[in-house]
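Heads up, the thing below is written out as structure tokens.
The values are calculated or read from the model by the stated rules, or taken from the named source; none is laboratory data. As the structure is a computational prediction, the values presented were derived from the model and not from experiment. Positions of Cβ are generated from backbone atoms using ideal geometry, with glycine treated the same way; all protein chains shown enter the neighbour counts.
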Amino acid sequence: MAHLGLFHKVLVEKRAYISEADLIELNSFCNILPGPASTQTLIAVGYKIGGALLAFLTLLVWMLPATLIMITAALLIEYLRGSLEVARFIQPMAVSFVAYAVVKIVRTAVTTKTAVILFTISTLLCYSINYPGIFPLVLIVSGALTALKFNKHPKEDKLPWKIEWSNFILYASIFVTAALLGHILDYKPIRLFENFFRNGSYIFGGGQPLSGMLYKEFVDFKGYLSKEEFTAGYALLQALPGPSFAFSAFVGSLSLRELGIGGQIIGGFVATTGIFLPGTLMIFFIIRFWDKLKKYRPVKASLEGVNAASGGIILATAMQLMQPFLSQGIEIAVVNFSICLITFLLLVYTKIPAPYLIIAGLLAGILL
């Protein structure tokens with residue numbers, strides 16, 4: 001959700017690649033799908049601007065930097081354990097980016113009484129229910145409720161269209177084939193790919209739910225990583241640009257450490273491919289006919305509810321992220337809240353590029 005605030009700052013305000021309404025619509029649409037919503041949003045923006053090739057290149061430049069850094073971190077894990085305090089200001093700053101996204105989406109999408117009600121209910125549900133499945137549920141139910149108001153929307157000429165099933169068939173084929181090969185061959189890199197492809201297919205709600213699932217599977221159940229290694233990698237992730245799903249590269253790399261440095265590099269890229277591929281195939285499958293599909297009045301009417309619920313999800317995320325920072329003792333809570341407030345005000349009232357704020361947070365961690 002913090003990424004949505006960054007996307008608005010760069011893609012809408014600074015570069016004008018896409019309108020604010022289109023960005024919110026694409027983000028809401030991607031939140032209904034399994035996979036990394038921020039990555040899928042960027043893929044969808046790339047596809048909308050320049051077609052499949054630009055969408056694919058956008059995916060590469062978005063995921064590669066953090067992926068390479070996390071693989072390197074896995075190779076240097078012993079050294080990094082004692083040097084992660086420099087990232088301690090990044091998490092409270094991230095809350096500000098989420099809050100910035102809330103302001104933007106509420107201003108654009110929550111403009112009717114129905115939207116306000118759905119926004120409020122979605123916020124309360126997503127904040128109080130600690131289960132990732134609540135995200136797509138509130139989006140779908142909210143969209144279904146406002147779809148009933150389709151008569152208020154004018155009719156549009158509908159262009160003929162057909163569904164191209166190739167990407168969905170490829171997705172299903174990879175899912176089944178990886179599971180069968182992993183079971184038959186019992187070859188760890190293949191099983192690792194299947195593990196991450198499966199997790200990438202089930203995750204709704206972004207990197208926070210993913211980290212919980214990876215911990216259960218690779219620390220608690222399989223013992224590929226220690227708790228300390230997992231925590232060290234996750235702390236480092238907070239200081240990096242790019243998608244939270246890049247954490248998979250760190251987990252995958254350490255999962256194949258018995259194969260040496262080459263095995264760790266392979267494990268990092270196998271895990272990254274596995275975790276990003278399901279969401280990528282799903283977005284390429286649906287985005288091709290999305291513009292034609294939304295011309296149908298019930299679909300167009302549903303966007304009011306979907307966008308309002310998306311705002312509720314973001315606000316609930318901000319509230320959940322802020323809670324731990326206010327329960328660490330009064331002095332630390334005051335410092336964290338001050339960091340959040342200052343970062344938020346800089347985002348709203350200045351044109352300082354967001355990466356500069358992140359770098360400033362890192363430098364403050366180093367100096368202090």
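Kindly indicate which of LEU139, LEU240 is closer than 20 Å to LEU293 by Cα and either among the hydrophobic types (A, V, I, L, M, F, W, C) or modelled with pLDDT of 75 or more (or both). Spell out how you get there, then give the answer.
Numbers: LEU240 fails: closer than 20 Å to LEU293 by Cα.
Checking each option against the conditions leaves just LEU139.
With segment 251-368 as the region, which helices (runs of 4 or more DSSP H) entirely inside it contain at least 2 residues that are in contact with a Lys or Arg (Cβ under 8 Å, 6 or more places away or on another chain)?
Of the helices (runs of 4 or more DSSP H) lying wholly inside segment 251-368, those with at least 2 residues that are in contact with a Lys or Arg (Cβ under 8 Å, 6 or more places away or on another chain) span 260-293, 297-325, 354-367.
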Original post:
Which one of ALA55, ALA73 is within 18 Å of PHE269 (Cβ to Cβ), of a type in the set (Gly, Ala, Ser), out of contact with any Lys or Arg (no Cβ under 7 Å at 6 or more places or on another chain) and part of a helix (DSSP H, G or I)?
Top reply: ALA73
**OP:** Any residue in segment 330-345 that's over 19 Å from ALA360 (Cβ atoms): show its pairings with residues that are surrounded by 14 or more Cβ atoms within 10 Å (Cβ to Cβ) at Cβ separation under 6 Å, as long as the two are six or more apart or on different chains.
**Re:** ALA333/LEU326
Original post:
Which pairs have Cβ atoms under 7 Å, sit 6 or more apart or on different chains, and link a residue in segment 175-202 that is among the hydroxyl-bearing types (Ser, Thr, Tyr) to one that is surrounded by 21 or more Cβ atoms within 10 Å (Cβ to Cβ)?
Top reply: SER201/PRO278
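Across segment 142-164, which residue is surrounded by the fewest Cβ atoms within 10 Å (Cβ to Cβ) among those that are among the hydrophobic types (A, V, I, L, M, F, W, C) and modelled with pLDDT of 85 or more?
Pass one, segment 142-164, residues among the hydrophobic types (A, V, I, L, M, F, W, C): 144-145, 147-148, 150, 159, 161, 163.
Narrowing further to those that are modelled with pLDDT of 85 or more: 144-145, 147-148.
Numbers: ALA144: 14, LEU145: 18, ALA147: 19, LEU148: 11.
So the residue we want is LEU148.
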**OP:** Confirm whether THR123 is among the hydroxyl-bearing types (Ser, Thr, Tyr), more than 28 Å from PHE289 (Cβ to Cβ) and within 22 Å of the chain's Cα centre (by Cα).
**Re:** yes
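Within segment 284-294, can one find any residue that is over 26 Å from LYS162 (Cα atoms) and among the charged types (D, E, K, R)? Working first, answer last.
Of the residues in segment 284-294, the ones over 26 Å from LYS162 (Cα atoms) are none.
There is no residue in segment 284-294 that is over 26 Å from LYS162 (Cα atoms) and among the charged types (D, E, K, R).
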**OP:** From ILE358, ILE352, ILE342, ILE275, grab the single residue that is closer than 27 Å to GLU20 by Cβ and buried (at least 19 other Cβ atoms within 10 Å of the Cβ).
**Re:** ILE358
**OP:** Those residues that are without any contact (Cβ under 8 Å) to a residue 40 or more places away in the chain and in contact with a His (Cβ under 9 Å, 6 or more places away or on another chain), I need them from segment 20-61; list them, please.
**Re:** LEU23, THR41, LEU42
